[in-house]
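For reference, the structure is listed below as structure tokens.
The values are calculated or read from the model by the stated rules, or taken from the named source; none is laboratory data. Computed from a predicted structure; not experimentally measured. So basically every Cβ, Gly included, is an ideal-geometry build from the backbone, and we count neighbours across all protein chains shown.
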């Protein structure tokens with residue numbers, strides 16, 4: 001009987017892949033011998049041009065093609081059959097409570113001031129569902145599913161770091177400190193995301209509660225430390241997480257894949273049933 005080929009994971013994402021890649025490069029993970037992880041990363045605006053062609057995801061433009069080569073170190077395209085599982089990171093799939101609370105709102109929003117577009121709870125849920133469903137991550141997941149039965153995990157971008165609320169234009173916005181209201185938005189989004197995942201045929205790996213300061217915001221200690229250049233230029237990183245956060249996400253993703261593949265990922269003594 002031929003030996004089972006080593007497990008190969010494909011990670012596709014925008015800049016939020018950075019925290020996971022940094023953790024992968026710097027830390028040890030108890031995976032099966034021969035396990036490989038190949039990272040394909042580019043800005044969202046470029047990844048919108050990543051499209052299914054035959055059994056591959058290919059770049060429409062040379063700029064994206066070069067990014068795929070640079071980040072993967074191997075190819076300008078993603079050969080779907082080369083991989084045993086896929087992890088999609090960010091790519092417009094996010095629970096951004098600040099964005100969700102700005103354009104539309106329900107009755108609960110009005111206690112913090114006027115609402116731009118006041119809608120019913122059902123309409124609000126539909127708005128969130130539509131935003132997530134139209135993300136490039138969901139489109140890529142659906143295209144992958146057309147060509148493979150391999151596990152696909154969709155990992156949303158992390159919540160914004162809580163430090164953004166210290167900024168002058170936000171530190172008096174009580175709506176974002178309303179835990180009940182923010183929790184409601186997160187719940188709507190998770191329910192919508194899970195339904196989308198079921199429809200497309202992928203699992204959603206929601207942000208670990210240990211990293212959450214309060215609903216919709218990530219603890220300060222998981223925010224990326226701004227570089228000296230960013231500090232000097234007055235443009236510190238407001239969105240990205242660090243390797244500590246990436247480590248938590250990666251461990252959870254590997255554990256989920258281990259379950260989904262019947263024990264092919266982690267270096268366990270005994271494999272579970274598929």
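Looking at 203, 179, which is the one that is touching a helix residue (DSSP H, G or I) at 6+ places or on another chain (Cβ under 9 Å) and in contact (Cβ under 8 Å) with a residue 12 or more places away in the chain? Working first, answer last.
Numbers: 179 fails: touching a helix residue (DSSP H, G or I) at 6+ places or on another chain (Cβ under 9 Å).
Just a single option satisfies the conditions, and that option is 203.
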- Item | Criterion violated by residue 133 - all others in (1) farther than 24 Å from residue 176 by Cβ; (2) touching a strand residue (DSSP E or B) at 6+ places or on another chain (Cβ under 9 Å) satisfied | (2)
- Picked from segment 145-182 (must be part of a helix (DSSP H, G or I) and at pLDDT 90 or above), the residue nearest to the chain's Cα centre (by Cα) is 145
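Please return the ranges of helices (runs of 4 or more DSSP H) entirely within segment 1-81 where 3 or more residues are modelled with pLDDT under 95 and touching a strand residue (DSSP E or B) at 6+ places or on another chain (Cβ under 7 Å). I'd like the intermediate steps shown before the answer.
Details: elements: 17-26, 44-47, 62-72.
In segment 1-81, the matching helices (runs of 4 or more DSSP H) lie at 62-72.
From 249, 212, grab the single residue that is within 23 Å of residue 30 (Cα to Cα) and modelled with pLDDT of 95 or more.
Details: 212 fails: within 23 Å of residue 30 (Cα to Cα).
Sole residue among the options that is within 23 Å of residue 30 (Cα to Cα) and modelled with pLDDT of 95 or more: 249.
Looking at this structure, is residue 132 closer than 26 Å to residue 79 by Cβ, touching a residue at least 24 places away in the same chain (Cβ under 8 Å) and buried (at least 19 other Cβ atoms within 10 Å of the Cβ)? Walk me through how you get there before you give the answer.
Numbers: closer than 26 Å to residue 79 by Cβ: no; touching a residue at least 24 places away in the same chain (Cβ under 8 Å): yes; buried (at least 19 other Cβ atoms within 10 Å of the Cβ): yes.
In short, no.
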- Message: For the structure I just gave you, tell me whether residue 75 is more than 20 Å from the chain's Cα centre (by Cα) and under 30 Å from residue 11 (Cβ atoms).
- Response: yes
- Query: With (1) closer than 22 Å to residue 44 by Cβ; (2) crowded, with 16+ Cβ neighbours inside 10 Å as the list, and residue 75 as the residue in question, which single condition is left unmet?
  - Reply: (2)
- Item | Filter pass, residue 100 being under 30 Å from residue 259 (Cα atoms), touching a residue at least 60 places away in the same chain (Cβ under 8 Å) and surrounded by 19 or more Cβ atoms within 10 Å (Cβ to Cβ) | no
- Any chance residue 137 is assigned to a helix (DSSP H, G or I) and either within 15 Å of the chain's Cα centre (by Cα) or at pLDDT 95 or above (or both): yes
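Surrounded by 13 or more Cβ atoms within 10 Å (Cβ to Cβ) and touching a residue at least 60 places away in the same chain (Cβ under 8 Å): which single residue out of 68, 64, 57, 118 fits that description? Outline the logic, then answer.
On the way: 68 fails: touching a residue at least 60 places away in the same chain (Cβ under 8 Å); 64 fails: touching a residue at least 60 places away in the same chain (Cβ under 8 Å); 118 fails: touching a residue at least 60 places away in the same chain (Cβ under 8 Å).
Criteria check complete, one pass: 57.
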- Query: Of the residues that make up segment 192-209, is at least one loosely packed, with under 14 Cβ neighbours inside 10 Å, out of contact with any strand residue (DSSP E or B) (no Cβ under 8 Å at 6 or more places or on another chain) and modelled with pLDDT under 90?
  - Reply: no
- Item | Answer residue from segment 8-40, given it is under 16 Å from the mean Cα position of the chain (by Cα) and free of Cβ contacts under 8 Å to residues at least 40 places away in the same chain and is surrounded by the fewest Cβ atoms within 10 Å (Cβ to Cβ) among those | 39
